[in-house]
Structure formats: structure tokens, C-alpha cells
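Peer 1: Sharing a structure here in C-alpha cells format.
Every number in this text was worked out from the coordinates using simple rules, so none of it is lab data. What you see is a predicted model; the values in this text were computed from it and never measured. Neighbour counts run over all protein chains shown; Cβ positions are idealised from the backbone, glycine included.
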Amino acid sequence: MFIEPNIKGGKRGWIEVICGSMFSGKTEELIRRLKRARFAEQSVEIFKPLVDTRYDDEAIVSHDANQIPSTPISSSQNILLMAEGVDVVGIDEAQFFDNALPDVCVELAGRGVRVIAAGLDMDFTGKPFGPIPALLAQADYITKVHAICMKCGHIALHSHRLANDDKKVLLGEKDLYEPLCRACFNEVVKG
């Protein structure tokens, strides 16, 4: 949980990161926070990577079909250009952005912007994913969400790829991925 600081004489920004495995509710939580900011009449800009067209070319859409309009972009540097004068910036699928994303978020927070980024913290092999580790190091607030393991019902932190494909980025849903707990993931990987 985070508490907005009470700042005398100025506005201060910060970085919030929502991370976890696939099907853990990251996008749902991002959308919830962004809708609350809009309800509070804050100016909000929302971005997603151009490559993510799974549910919609422009909107951010959760697995539960909850959605909010966004701007697809190819580079994290575009966020700096398009977020001038806003109160809140939302970023979905942060793991697909370039390694400049943490610096962009730090720059925005320094300008007094509340930055909320959501993304996978690990890839399908269980390794840190893209710019997320550096973003976590810069974050003021971190929310780790969990899915439920499809094999045993415990909390899941891994996104196990069902397809036999070694590409780092392979967009998919329940047809290509399943959430697994640590023990079940290790068992499948060794198997």
C-alpha cells in the first residue's frame, strides 16, 4: 500500500511497479489505479508497447476484459514526449520496453509525475525480464501479485510456457502459458 506524500510548496512524483506472473492480475490492478486517478480528476496518460496487440491494438485490456484506452508506442523515450504536463503516467507490459524505461520513469518522477508500471518480473525460463529488474530498483512502491498454480493450487510466481519455442518474446494467453508455483515449475523444467 502506498500513501501520497503531503508536500508543502510543490508536487513530488514517484514510481509504483506492479509485477508478477501471467494471470496474476497486474493489468487489472493497473487499470484500477488509473481509473481512480481519473475519478480524482487527475490528468492521466497511458502507454503500452506497440508489439502487444493480443486483445486490442490500442486499449490496455486485462484477461477479465476490463479495459482502458492507451497509446501504443515503440520506444520508452516517446513517453517523455507525450506525457508533458500530466499528473499520472500508466505503463502496461513494461517488460517489452527497451532498457531506457527505468531512466524515463525516474525522469517523470523527478518532474512530479506519479508513474505506475505493470509487467512480468520473470520470463518463461524464470530469469529477470527486460527492464523490470532496474525498474524495481528505482521504484518507490512495489506490488507483487500472484496467480494460482494450475497444477497444485498454491500461489504461482512463474509463467510456464506450454509451447516448445525458445523465443524470448512469444505473445500468447492460456493457449501458450500457465501459471505455476516454484515447486511445480522446477518439477516441469527438470522433467
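Peer 1: Got a sec? Which residues in segment 119-154 would a label at Asp166 touch, if it sits 7 Å along Cα→Cβ and we count backbone N under 15 Å?
Peer 2: Hits in segment 119-154 for Asp166 at 15 Å: 124-125.
Peer 1: While we're here: Using R₀ = 25 Å, calculate the FRET efficiency as 1/(1 + (r/R₀)^6) where r is the Cβ-Cβ separation of Leu81 and Ile142; round to 0.05.
Peer 2: Details: r = 27 Å, r/R0 = 1.08.
The calculated FRET efficiency here is 0.40.
Peer 1: Between Thr143 and residues 5 or more places away or on another chain, which pairs have amide H atoms under 5 Å apart, with H built 1.01 Å from N, and which residues are they?
Peer 2: Val17, Ile18, Cys19
Peer 1: With N denoting the number of residues in segment 122-191, provide Rg(C-alpha) divided by 2.2 N^0.38 Å, to two decimal places. Numbers along the way, then the final one.
Peer 2: Numbers: Rg = 12.9 Å, N = 70, 2.2 N^0.38 = 11.1 Å.
Working it through for segment 122-191, the quotient is 1.17.
Peer 1: Express the relative contact order of segment 14-145 as a whole percentage, based on alpha carbon pairs under 8 Å and six or more residues apart in sequence. Can you show the working numbers first?
Peer 2: Values: 264 pairs, mean separation 50.3, N = 132.
RCO, segment 14-145: 38 percent.
Peer 1: Kindly write out, for segment 95-112 in residue order, the coupling ³J(HN,Hα) from the Karplus curve 6.51 cos²θ - 1.76 cosθ + 1.60 (θ = phi - 60°), rounded to whole Hz, with x marking Gly and Pro.
Peer 2: 5, 8, 7, 6, 6, 7, 4, x, 5, 4, 5, 5, 4, 4, 4, x, 7, x
Peer 1: Moving on to the next point. When only Cα pairs under 8 Å and 6 or more residues apart are kept, what is the percent relative contact order across segment 86-168? Working shown, then result.
Peer 2: Details: 94 pairs, mean separation 23.9, N = 83.
RCO, segment 86-168: 29 percent.
Peer 1: Students often get this wrong: which residues of segment 124-143 have the backbone nitrogen under 17 Å from the point 7 angstrom along Cα-to-C-beta of Arg182?
Peer 2: In segment 124-143, the label zone of Arg182 (backbone N under 17 Å from the point 7 Å along Cα→Cβ) covers 125-128.
Peer 1: Would you mind checking which residues have amide H under 5 Å from His160's amide H? H placed 1.01 Å from N; only 5 or more apart, or other chain.
Peer 2: Glu178, Leu180
Peer 1: Oh, and also: Please work out how much length the chain gains when fully extended from Glu41 to Arg12, using 0.36 nm per residue of separation minus the C-alpha to C-alpha distance, in nm with one decimal.
Peer 2: Numbers: separation 29, 0.36 × 29 = 10.44 nm, distance 1.74 nm.
Working it through step by step, the gained length comes to 8.7 nm.
Peer 1: Continuing with the same structure: Counting only DSSP beta bridges with both residues in segment 14-145, what percent are antiparallel, rounded to the nearest 5?
Peer 2: On the way: 3 of 26 bridges.
Among the beta bridges of segment 14-145, antiparallel pairing accounts for roughly 10 percent.
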